[in-house]
1. What are the residues whose amide H is under 5 Å from the amide H of A:ILE257, where those residues sit 5 or more places off or on another chain and H is modelled from the backbone?
2. Order C:LYS75, B:LYS74, B:LYS305, A:LYS88, most accessible first, counting only protein heavy atoms with a 1.4 angstrom probe.
3. Roughly speaking, what is the centre-to-centre gap between the range C:148-214 and the range B:158-186 when only Cα atoms are used, to the nearest Å?
4. Test of understanding: in a Gaussian network model of chain C with alpha carbons linked when under 10 Å, which of C:SER18, C:SER67, C:SER276 would top the mean-square fluctuation ranking?
5. By accessible area of protein heavy atoms, probe 1.4 Å, what ranking do D:ARG211, A:ARG143, B:ARG202 get, highest first?
6. For the range A:151-269, what does the alpha-carbon gyration tensor say about shape, rounded, prolate or oblate, given a ≥ b ≥ c as the root eigenvalues, a/c under 1.5 as rounded, and a/b over b/c as prolate?
7. How much mean residue ellipticity at 222 nm does the protein assembly as shown get from its helices, if each DSSP H run of length 4 or more adds -39500 (n - 2.57) and you divide by all residues, to the nearest 500 deg cm²/dmol?
8. Please compute the modelled spin-label separation between B:GLU58 and C:ASN158, points set 7 Å along Cα→Cβ, answer in nm with one decimal.
Amino acid sequence: MTENAPLIDVRGLTKYFATKRGLLHAVDGVSFTISEGKTLGLVGESGCGKSTTGRLLLRLIEPTSGQVLFHGTDIASLSSGEMRDMRKKMQMIFQDPFSSLNPRMTVSQIIEEPLRLHRMIEDRDERMNKVLEIMDLVGLSRRLRNTYPHELDGGRRQRIGVARALVLDPEFIVCDEPVSALDVSIRAQILNLMGEVQEQLGLTLLFITHDLSVVHHFSDEIAVMYLGKIIEKAPADELFAHPSHPYTEALLSAIPIPRLHDRPKRIILRGEITSPVNLPKACRFATRCPKVMSRCHEEEPELCEIGPNHQAACFLLD
Amino acid sequence: MIRYMIKRLLAMIPVLIGITFLVFMIMQLAPGDPARLILGENASPEEVKELREQMGLEDPVLVQYFRYMVNLCKGDMGKSYITNRLVASEVAARFPYTLKLALVSAAVSILIAIPLGIIAAVKQNTIFDNTCMVLSLVGISMPAFWMALMLVLVFSLRLGWLPVQGANMGWRSYVLPSIAIGFMNMAAIARTTRSSMLETIRQDYVRTAKSKGISNASAILGHAFPNALIPTVTVVGVQLGGLIGGAVLTETVFAWPGLGRLIVQSVNARDVPMILGCMVVMSVSFSVINLVVDLLYGLLDPRVKSMYA
Amino acid sequence: MMKHLFRRRAEPEEGSMSLLQESWMRLLSNKGAVAGMVFLTILVLTAICADLIYDYETEVIMQDIPSRLQPPSLKGHLLGTDEYGRDLLARLVHGSRMSLVVSFSSVVLALAVGGTLGAMAGYFGGVIDNIIMRLTDVLLAIPMTLFAIVIVAALGANTTNLTLALGASSIPIFARVVRASVLTVRQAEYVEAARSIGAKHGTVILRHILPNCIGPIIVQFTLRIAQAIYNTAALSFLGMGVQPPAPEWGGLLASGRTYIRDYSYLSIIPGLAIMSTILALNLLGDGLRDALDPRLK
Amino acid sequence: MVIGSQSNNTLEIRDLVVEYRTRERVVHAVNSLSLTVGRGQTLGLVGETGAGKTTTGLAVMGLIPKPAGVVLGGAILLNGEDVLHKSDREMKQIRGKTVSMIFQDPMSSLNPVMSIERQISEAIRAHDRSLTRSQVLQKAHEMLEMVGIPRDRGSEYPHQFSGGMKQRVVIAMALSCKPDLIIADEPTTALDVTIQAQVLGLMKDLKDQYRTSMVMITHDLGIVAETCDSVSVMYAGSIVEHGTLHDVFDDPLHPYTKGLFGSLPRLDDRRAKLQPIKGLMPDPSNLPTGCTFWPRCDHAKDVCRVEKPNPTYFGGEHFVNCHLFNEEISGARTVNMGD
């Protein structure tokens, strides 16, 4: 691998679900790359397809079309055996620390399971040592190893989730809303933990969230999704300084900012997100856009470069 | 709503075909030759063979089933092997007795059980609640046919208030059979009403209702109860279905001239057309009850209605 | 001791309790469930040791006309004798064996067949799910007792056929219950998590799905046994189950019925036996439900 | 008692204590909590899960779930009248008319089997029996239009609306009798950001229009900055710091308040490391002695473990419950107490 080659290269990733009312365009032609050691933040409101994208990247669901290249290998073409091997390198941290841990297993069993499944360390004691090391790393006290998840609070459960993802020494982790179920003070603890671990282990992350202030803090680059499409993508500071797509602008202005001075002007959008079923050939944001033009109802804008590393899909920017 | 009804009615057809097919096939396993049964032990093999051909018993089973279904659609269920009477008319004569008894006991048990369940839930963990729950637990544990015997023992034999059996003494004939059938249903419905009320009373929307300033009673009856009715209706449906199956036992105890007793007599006599006829009628009634329950869902729960809108 | 065990989310310590252990403790704190368990344990022990208590041939089957229809008394026969002079208690004790064996094996049969079907329907979904569910629709549209009667009518009245008939009529219920809980658990994120760490289908089902479905299945199992006891008695009562002279509670009740006017103990006592067994199972079932799913507490 | 305060304050809570008692344990949900909401003012009640915010709101409504919940002491004055000693009948009149509440989860706070216009009508009818059926319906429709829902959707059921729309219905219901005080319990937590902006905007407009006082219960300091006039920070059932918006945002004093701010990512400097509060929320059935925050406090001293701090005022309404500041004023005394 060369230094600059992206670790993750997603090309035209698409997932349609057949529903009673028609074809649901959950993810519709999404492309992006993530370089080694970097974090891409994927932001959007509920139903925009961000979680589906994360699961497609790990092939937890099969894509309708498109490719996910990991170190240049298309993971969709792997056999199930090869895919299982590949899973050692790509892991996931889930949103809900209450439902993502099997309630019948103890903390150490949960963290140990990936090692056993992949027969990484055959010796029991050695395996337990590895588990304890990881528990130290994520800040779980060793004496909790025989407790069950339901006896622990959300923060510590999420630490178990992080530990389980780390125990196989992966290169890439999809973090699906890892802190949105947590209280403010606990959220900060987990975010710091994840930051430290990433730096220490050189991990590459896809950070999926609806919380813009968190994604800003945590990501190198941010992609904004709306109804299955990426509508703007830029380095974090650039995106916050110069949001270009009207949706990004509105989204950023809607964050409640915990300070009293220099508060930005709010842009309040009309209406709500519709579900991406049977979409017309038009800009998906046209129905809510404060700057809508007649052209927006007739064609769909493509993502194009509007600055260095900054792309957006809007006719206003042509 | 009408579309929903039609949809549900259409969905009943494959189920009914399935039921008749299944019962038909199971009855094929029955030992003994119907022709021999009809002609008696002394008939010659030739006579038996002739009758078998006449009855279509020599045809493949599927052809027989198909013929049965065609006739069934015309209202013809064949003739009894034993009495040679038309199954359809026999069943038609017996069915009203079963139906009347079921309706009476269902109505009474529902009318008593639902208020009991509501009060028990509202007064959770009080003496009233505990008494109701112990009684209803005993109720669902008591075999209906044993209860029937005990009722007869006390009220007919010892006290002499009510008839021991039969359906020919006006309303007095109905009292004991409907209590015997209805008590278990009442217990089951009361228990479900109570537990679903306990669930809905804690719901956020009941709290919202109270926060508007309406009284506790209206919050419970106007908000918790309509929502608790949805699971209760399911159990009422199951119980009504049970009434039909349970009729077999209570009708036997009370010598009640209904379908349940007919089916027991037919089974003992190996009268296959009669068994089939009874099964078809009982299963259809059972399906109709389920249909009514489903329609009630549509009425009670707008979420169900809009699924079919 | 109990206080400590019920503590939640305080500082957990080493060797803490699994969900199953917690449920067990909750079950033990439920008086009704404990009473049910004690009763059932005694009943099962009696059934197992029936031969040690009463000899089958001489005390249960053999007629003793001179001592027929003796009412219950402390000196002679504790629960009296039947119309052939046989000791009622002896017949009840041996009858319990029959009732329990038939009910238990029919429910095990139903669980094995119905559970497998339900698990397949729930886990794989799609066409398999559709076929299995339509089949159960048909089976559920036939009143259970009637279905059992038809099977017995076709196959003949004996213990094996009775077991088969009762088992078959419970299959759709287990298929439904297992499918529903598999469907719920399958959606849980920890199942996805298991797949994301590279677990195979078998591992996912055995380690992650089934252990978490067990609650509703145990509850249903208990309640179905109660139902099976009822149906065993009911069919024998109608003369379609266990055949005399073999003792079975429903059969005892049926023969006692003839003498209800003058020897009512012959119908009261077997009925009480049936009822208390069902009651015990219902108490245990309710207790299990509360213990395994403590949401309502 | 201070009589003068009655006319100025819509809500005044003094030393409120609420517990939940189950067979296994006693949860100390609210511990000697005091707060005031001035007429037409919005108070932000900020805290994390389990701090007792919702319980406080429910206590004002008289809707603490019985029999587990017990109000052990204190006073809740609504327009100067203590509601803790009202009969059920009187409370019924107060709820909806004097004070109403908007709950957190719009998905579950509407009755799924009742049309929304009926649910709003019910609130109107409960407090004005003189109106005819059609007048009530007319008024319900007006309320719907005011929150931006067309009146012809009134006959629809909750499941036919999105989350944001449902919350609008709840708001219409809460405002239908023009209450003096609204308690909004995390009204936008379940909503998406852009919808949250819509709903908060709507609430602010309506509050100004109706001159209602409001308690905004939230965990989000951003929402407080957006909507409130003053802030009370709540921890383990009591107020640790209170002040005007400027007092608390520009000069947070309590270590917990500081910790809350430190836990938030900064939008102006994204690389700034977060300064979280160590440890976990205390178990409310087993609260630490003394100051409930000491196990998580970087400045904890011996006295913090033993003695509850008293409020120290910093001019105006800004006060903080912390020994760090008690000491500045009466250092000698606290040292003695520590021995």
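1. Amide H neighbours of A:ILE257, under 5 Å, 5+ apart: none.
2. C:LYS75, B:LYS74, B:LYS305, A:LYS88
3. 41
4. Residue with maximal mean-square fluctuation among C:SER18, C:SER67, C:SER276: C:SER18.
5. D:ARG211, B:ARG202, A:ARG143
6. Prolate is the answer for the range A:151-269, as a/c is 1.5 or above and a/b outweighs b/c.
7. So the helix-based figure for the protein assembly as shown works out to -16500 deg cm²/dmol.
8. 3.3
The values are calculated or read from the model by the stated rules, or taken from the named source; none is laboratory data. As the structure is a prediction and not an experimental result, all values here were calculated from the model. Positions of Cβ are generated from backbone atoms using ideal geometry, with glycine treated the same way; all protein chains shown enter the neighbour counts. Heavy atoms of the whole protein, side chains included, go into the accessibility calculation; ligands, DNA and RNA do not. Shrake-Rupley method; radii C 1.70, N 1.55, O 1.52, S 1.80 Å.
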